[in-house]
Structure formats: C-alpha cells, structure tokens
Amino acid sequence: MNNEALGIFINFLFSIVVYSIPLLYGTVGEIITEKSGSLNLGVEGTMAIGGVAGYIIGCSTNSVTVGILAAMLFGALCGLVFSFLTVTLQANQNVTGLTMTTFGLGVYFFIGNGLASSGKWPIMTEHSAIINSWEAKIPFLSNIPIIGKILFSYNIFVYLAVIIAIVAYLYMKYTKMGLKMRAIGENPAAADSLGVNVIAYKYIHIMLGSAIMGIGGLYMGLNLGGSFEGSTCWINGYGWIAIALVIFAGWNTAYAILGTLVFGFFNTLQVYNTDLAYAFPNVLGWLSKIPPHLFKALPFIITAIVLVAASIRKKKNPNEPSACGINYYREDR
Amino acid sequence: MNKTAANTHSHVKEPLIRIVKRDGLKLSKLVLVYVGAILLAMIIGCILLASMGVNPFKFYEKMLTIGVVGNAFPYKCFEGYIKLFTPLLIVSVALSLAFRMKFWNVGGEGQFIVGALVAGWISAIIGESAPSFLVLILMSLGGAIAAGFYGSIASVLKVKFGTNETLMTLMLNYIALYLIMFFGETKADWNILLNEDSARPIFKTFFENAWMPVIKIGSFSLNISLIIAFVITALIFVYLKKTKQGYELSVVGDSISTANYAGMKTGRIIIRTVFISAFLIGLAGAFYVSTAHSLSTSVTNDVGWTGVIVAWLSKLNTLAIVVTSALISILRYGCTQAAAEFASVDSHFADLLQGIILFSVLACDFLTRFKVIINLKRRKSHE
C-alpha cells in the first residue's frame, strides 16, 4: 500500500464519521422517544427547526455553546408541541409526526429565505468563535499519525454525540428513571398502576429526544458550512434515515453508534467510490462501476430487510417497545 | 373504577377537570372547528409575513385567488391548479381506503414514483408508433399495476409476518426515490428514458401520443385526467357505501377480531384493499407524467405526504376529501403564485401554513372526541 492510497483510505474512514454523526443524534433522540412509547415521525422537521434556530442564534452570539443550547431548546419545543398533541390531546402520532416534518421544513425555508433575501443570513466564516470551535482538535492526541486522524481529530459534536449515546444507554439500562420510562413504553397502564406519572415521563422523554435531534440539525448545518440553499434543506432525508436506524440498532443507543457507522459507510462510499477505486485498482476497482444511487438506497434496503427478517423470525426484538405508537388514555384501562 | 377508588379513599376530592370520551360532534360544530383552525393559521401567517416585511393582505389576496387577479393569462393559473389538484385528489382518496383499515400506508410517495416511472417507460417504448389511446391506456394500466404490486410488498409482509407497515412503506419510498434518480442521472444506451441529444442526463419529453388529452374551452385546456379523477372518487364512494367489499373493509377497520369472528378472510381483504389503494396512487402518477409530458425526479411534489394529511383532515370521508384537497391545493398552488411576487417568501410557506392548520385541527379534534368537564363545585365524595 503506497502513501497516497493510505491517505485516501484514512480520509475515507475519517469522512464516514464526519458524515454519519448527525444520524446518531437523530437516532438516539428517536430511541429515547420510542422507548417511552411514542413514535415521532417528525425527526426531519425537528432537526430542521433545531438546526436553523441553533445556527442563527449561535452565529449572532458568536458561540457554539449557545448554538447547541438554542438547537436543543427549539428541538425541545417541537417535542413539546408533539407531546401536547399526542399525550394530552390524544392526537394520532403518525399524523402529528408527519405534520411536524412538513411544518419544520416550512419554518426552515421561511426563516432561511427571509434572511437570505435581505442579505441577513449569517455567514459561518465571519464568526471566528464558531469556526474555531468547529475546527478545534484534541491537542497532542490528534498529532499521532493515522490513529490521531481516525480517532482524535473530529470536532466536538462528534464526541458529544458518542457521549450522549453512551449516557443514554446507561440511563435506560441502569437507572430507576430509565426503567420506569421503559416500562411506559412496554405497558403504560401497568406502569401507571404502579404509580409512575406516565404523562410527565412521556413529556420529558419526548422533549429530551427532540432536543437531541435538534443538535443533530445544527451539526448538519455547520458541516455544510452554514450555507442556505433555496431548494434543499440541510437535513435532506437524514431524519428519515435516523428512524430507519432505530430499527437497525434494535432500540439500543450503544448499538446505534455502530449502526450509524455502518449506514455512514454506505453513504460515504458514494462520495469516495471513485477515489477508492483509483487507490486500490485491483481490489476495489469495481466500486466505480456501481451507481451512487445504490449506495444511497442501501441504508433503506438494509433496514427493510432487517424489518422483514425480524418479523419472519416471529421473535420480536425484545428491545422493541410494545406500546410504541399507541396513545395512552387512562380511562381505557 | 372511579367509584371503587372513591370508596377506598373517602377523602379524595373529585378532580377539577375531568375528560370523558364522546361519540362525535355535530357537523355544524365540526365545520366551525375547522374554520377556526384555518383562521388561526392565517393569523399566525399574517404576523410571520409582516415580520418579513411582506404585506400579508396582498400576499393572501394573491394566494387565495391563485394568482388569477391581474394576470394576463388567467387560464394558465387554472391549468396549473388542476395539475396539482388532480393527483392530490386521487392519492388522498386512495390513501383513505388503506387508512380505513388502520393500515398506515405512508408509502404514497414511492407508489406514485413507481407508477410514474413505469408509465414513462411504456411511453418511451411504444409512444412513437402506437395510436394515442392505446399508449395512454397501457401507460395508465402499467403504472397503476406496478404501483399496486409495489404497495403489496408491505401489505403481504404485514399479513404474513406482521411486519410494521408504517416503517416498511417509509423505506420503500426512499428506495423508489433513488430508483427514479438512478434512471434520471445515468447516461447509458439502455436508458431510453433520457434525452439522447443532451450530453447531460435529462429526462426526455414524451412523444405526443403519450400526452394526456385536453378539452379546449376557449384558450383554457381542461385536462381529461381531472374528469377521470372525479369519476374515480365517485366510484370509490359507491364502493365504500354500497358494495360487500366496502362493507368488509369497514368491519376490518373497526376490529380485526370481529371480522375474523364473522368469518371474513381479513388477510385477503387487507391485501386486496392495499392493492387498490396503491393501484390508484400509481394511476395518479401515470396521469401526472402524461400531463406534464415528462418524468422528473421531483415528480411527486410531496403528494404522498400531503395526501396523508388531506385524508386525515377529511376524517377519511370521501366527499370531504374532495373539498379538503381542493382547499389544500389552493393553499399550495396559491403560495407558489404569491411567492413568485414576493422575493423574501418562498413556496414552502405553504408547508408552514399547512402545518399550523393541521396542528390546530389535531388540537381541536380533541374537543370532538372528548368532553371536558370542569367541576367547580369540588366536593369531597363520601359515597
């Protein structure tokens, strides 16, 4: 393996992580939501609103931290609307989620177009603090050859996502609150009869999940250099992939890290297929002949296969929350 | 349940607010609720528009009149409106069939694409040589049947293995989307869908034999597919009200176990109905490309998603779907017309308004299904 080929290969591994981490935010957020018994199909819209709000507020205060907090806040607000409609007002979760997606994209383009047409859209490169924190690397460790690049040269969002995923895993598995929340996802009536405040738990976890999705939206925006395109949204379908990933990861936020990388692998392959074919002509030469659309479709094809395989085995994934998608009306018990 | 609880804890107060289910609301009240929801959305929209420095009344005037006023070619607006309305009507009616059985077909996008793609393929093969009526019939049938089978993937899996249909149809949407993008962006000898003269891959314009015929009324051309859409809607209305299959469908929707107990073959009913649903969506896709005279990767215009919203807003009532899809089309088409005039607002403003309207309707829906009892005289109950 010559140096150039090695360089391309390392860049490929690096890009997998950079491109796929927003998915992890969406997926972890959705797992938390589904585990507490709600199917929120509004990931795409929530990420769009969180992203655009976080970006604009972050830029105007010139701080990534404020940006992240704003993205979480606006994400959580979307979650609040969703939980008010589905938990308190018993609205259908599918329809509410789809509406959230439509609404979120509407808000994204409304704000984006309004600011862009009057020249007020913030430009990322003009905000030194944002750029600096975006490009900051872990000192010393990132200088180690190869490993430094693959493991320690990412922006803070990447590490934050992994930490959130692990904390969420520990929270759901080992804490009392996590146990109660999972109980609601399995059987809200039983949890209720044991004295768990079902409504409060649902609100908290839907909002928490949506807040995490919001950070993912901000990441997507920053990763695209904060540029607003009139026709395509930053999120561009990632919210839907995140919903697919939940199933692929088997409702486990720790597996979601791995699942994200698998999905990201295919997603990145469509960008790097010609480079890789060029670097390793003997082994990977065939890559350049595969249409990039297949790589784009693969995450969805794989998820579909996982869905079908799981249902054929008749053995439901024990992690799948049984009451997910069904509203809980106390007097129906 | 409440009584026993009150007995055991004799000092528990009756709650201040109590929520009980009710059977439904009178139609007049329901309409009032919807009008209120639309007004609320319009008012919020007003504030948002004003904050962007756009005169909201001018915007709304343009939107609600779909750009007809002050236009040198007003008939073009009607034609554009019909082009948007026809697929939305068919797709919403079709989706309502599946939703009646609580089969969550959110795969309208994918089924529409498959219908359009197959219709486009057929037109590319026979469009030049065969007579027009034959081309049109084969395109429509081919697209519709292909979409029907595409939709059946989810329903057969659901019936055989219990696979979640919401997630399955969602995945199939994206697979179809990348399929049409593949055909639209891959230049090759076998790809007869593309324009041969262009070096860049673009879909070619259909042969004239594959164009949806129009009836000329002055300078306005009435698209035949609109009439067919109304015929389909009427047929579905009759199908649901008067036929045995329509009856079976509503029983399965109410309760699968009741249907099983009554000896109905529920699996077969689900597969049959979802096939019809997807068949009609594919038909709408075929009609659309035949009207637009070409394929496009954004062929659906989000009609699969909007259709879900329309069907739901209409409570799956076929006649209400006609009204709702006409109104939503005014909103969507009117917005693109108005947005063309105001640079700071784009056509996605329709999404925002649609979102607020639906949120308010979903919220108000609560009042139609539940009764809120506020108990001001909260007495301690000793029974």
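Looking at segment B:337-357, is at least one residue modelled with pLDDT of 85 or more, more than 14 Å from chain A (Cβ to nearest Cβ) and more than 22 Å from residue B:254 (Cα to Cα)? Checked segment B:337-357: at least one residue is modelled with pLDDT of 85 or more, more than 14 Å from chain A (Cβ to nearest Cβ) and more than 22 Å from residue B:254 (Cα to Cα). Checked across segment A:35-42, the condition of being aliphatic (A, V, I, L, M) and part of a helix (DSSP H, G or I) holds for no residue. No other residue among B:207, B:183 is within 14 Å of another protein chain (Cβ to nearest Cβ), of a type in the set (Phe, Trp, Tyr) and more than 22 Å from the chain's Cα centre (by Cα) apart from B:183. Regarding segment A:112-119, can at least one residue be identified that is at pLDDT 85 or above, within 20 Å of residue B:340 (Cα to Cα) and touching a His at 6+ places or on another chain (Cβ under 7 Å)? No, that holds for no residue. Residues in segment B:61-84 that are closer than 19 Å to residue B:354 by Cα and surrounded by fewer than 17 Cβ atoms within 10 Å (Cβ to Cβ): B:61, B:64.
Residues that are of a type outside the set (Phe, Trp, Tyr), in contact (Cβ under 8 Å) with a residue 60 or more places away in the chain, farther than 21 Å from residue B:283 by Cα and assigned to a loop (DSSP other than H, G, I, E, B) do occur in segment B:335-358, at least one of them. Selection within segment A:67-88: residues that are surrounded by 24 or more Cβ atoms within 10 Å (Cβ to Cβ) and of a type outside the set (A, V, I, L, M). The member of this set that is nearest to the chain's Cα centre (by Cα) is A:75. Scanning segment B:297-330 for residues that are closer than 30 Å to residue B:204 by Cβ and either among the small types (Gly, Ala, Ser) or touching a Ser or Thr at 6+ places or on another chain (Cβ under 9 Å) (or both) yields B:298, B:302, B:303, B:304, B:305, B:306, B:307, B:329. Taken over segment B:124-139, the residue count meeting the criterion of being crowded, with 24+ Cβ neighbours inside 10 Å and in contact with a Leu (Cβ under 6 Å, 6 or more places away or on another chain) is 0. Checked against the criterion of being closer than 14 Å to residue B:95 by Cα, β-branched (Val, Ile, Thr) and out of contact with any strand residue (DSSP E or B) (no Cβ under 6 Å at 6 or more places or on another chain), the candidates B:281, B:330 yield just one match: B:281. Test residue B:378 against the criterion of being surrounded by fewer than 21 Cβ atoms within 10 Å (Cβ to Cβ), more than 9 Å from chain A (Cβ to nearest Cβ), more than 16 Å from the chain's Cα centre (by Cα) and modelled with pLDDT of 90 or more, and give yes or no. Taking the combined requirement at face value, the residue does not satisfy it.
Under the condition of being touching a Ser or Thr at 6+ places or on another chain (Cβ under 7 Å) and under 18 Å from residue A:217 (Cβ atoms), which residue from segment A:148-167 is modelled with the highest pLDDT? The extreme case among them is A:165.
Among the candidates A:100, A:47, which residue alone is more than 15 Å from the chain's Cα centre (by Cα), crowded, with 24+ Cβ neighbours inside 10 Å, aliphatic (A, V, I, L, M) and assigned to a helix (DSSP H, G or I)? Going through A:100, A:47 in turn, the sole match is A:100.
For segment A:130-141, the criterion of being within 14 Å of another protein chain (Cβ to nearest Cβ) and either in contact (Cβ under 8 Å) with a residue 60 or more places away in the chain or touching a Pro at 6+ places or on another chain (Cβ under 6 Å) (or both) is satisfied by no residue at all. Listed by position, the helices (runs of 4 or more DSSP H) inside segment A:195-312 whose residues that are buried (at least 17 other Cβ atoms within 10 Å of the Cβ) number at least 2 are A:198-223, A:238-248, A:253-279, A:292-312. The listed residues are B:224, B:276, B:256, B:202, and the only one of them that is touching a residue at least 24 places away in the same chain (Cβ under 8 Å) and of a type in the set (A, V, I, L, M) turns out to be B:276.
Can you tell me which residue is farthest from the chain's Cα centre (by Cα) among those in segment B:43-57 that are in a helix (DSSP H, G or I) and exposed (fewer than 13 other Cβ atoms within 10 Å of the Cβ)? In this case the residue turns out to be B:51. If you go through segment B:307-318 and keep only what is within 8 Å of chain A (Cβ to nearest Cβ) and either among the small types (Gly, Ala, Ser) or closer than 13 Å to residue B:329 by Cβ (or both), you end up with just B:309. One residue stands out in segment B:299-317 among those that are of a type in the set (Gly, Ala, Ser) and surrounded by 24 or more Cβ atoms within 10 Å (Cβ to Cβ): the one that is farthest from residue B:179 (Cα to Cα), namely B:311.
The values are calculated or read from the model by the stated rules, or taken from the named source; none is laboratory data. Because the structure is a prediction, the values reported are computed rather than measured. With ideal geometry, Cβ positions are generated from the backbone for all residues, glycine too; neighbour counts draw on all protein chains shown.
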